[in-house]
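The structure appears below as structure tokens.
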Amino acid sequence: MTDPMSQANDMNDLLAQAARVQAELQKAQEEILAAHVEGTAGNGLVKVVMTGGAELVDLQIDKSVVDPEDVDTLQDLVIGAFKEAHAAAGKLAQEKIGPLSQGMGQSQQGYDGPSFQDVFGGNQ
């Protein structure tokens, strides 16, 4: 027979742990959104800066890559820099949120943490 007091204490411990994890997740999300990450392309000729939440905050393009006859290359560089910055934002989210997901009922084998969409919702 299981002791009802022991079950109540276990439940209280579980609820307290869940509250701590929730507070840590909230703090991690705030840190991610406040952080800035960058991506570059063309050996730094194009640089994109975005928040950890993937909001674009700066775009710098070196004048040497602005060629009216070759707009495609500039577009490719901007896309490349954006993708690199976006990947950096995802990595930041993984570093901040991933460790908090351990022990939350998810199998850790093959699991690399929550996706960006899991953390912030929407289509990032």
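The values are calculated or read from the model by the stated rules, or taken from the named source; none is laboratory data. Just so it is clear, the structure is predicted and the values come from calculations on it, not from any experiment. Because the Cβ atoms are built from the backbone with ideal geometry, glycine has one as well, and the counts that use them run over all protein chains shown. In case anyone asks, the SASA skips ligands and DNA or RNA and just uses the protein heavy atoms, side chains included. Shrake-Rupley method; radii C 1.70, N 1.55, O 1.52, S 1.80 Å.
For the structure I just gave you, tell me whether residue 5 is loosely packed, with under 10 Cβ neighbours inside 10 Å and over 11 Å from the mean Cα position of the chain (by Cα).
Values: loosely packed, with under 10 Cβ neighbours inside 10 Å: yes; over 11 Å from the mean Cα position of the chain (by Cα): yes.
So residue 5 fits the description; yes.
Candidates are the residues of region 28-54 that are open to solvent by 50 Å² or more (accessible area, probe 1.4 Å) and part of a loop (DSSP other than H, G, I, E, B); the one that is nearest to residue 100 (Cα to Cα) is 43.
Being more than 22 Å from residue 100 (Cβ to Cβ) and touching a Ser or Thr at 6+ places or on another chain (Cβ under 9 Å) is true of residue 57.
Residues satisfying the criterion are absent from region 66-89 (criterion: modelled with pLDDT under 90 and either surrounded by 17 or more Cβ atoms within 10 Å (Cβ to Cβ) or part of a helix (DSSP H, G or I) (or both)). Residue 46 satisfies every condition listed in (1) touching a strand residue (DSSP E or B) at 6+ places or on another chain (Cβ under 7 Å); (2) without any contact (Cβ under 8 Å) to a residue 12 or more places away in the chain except (2).
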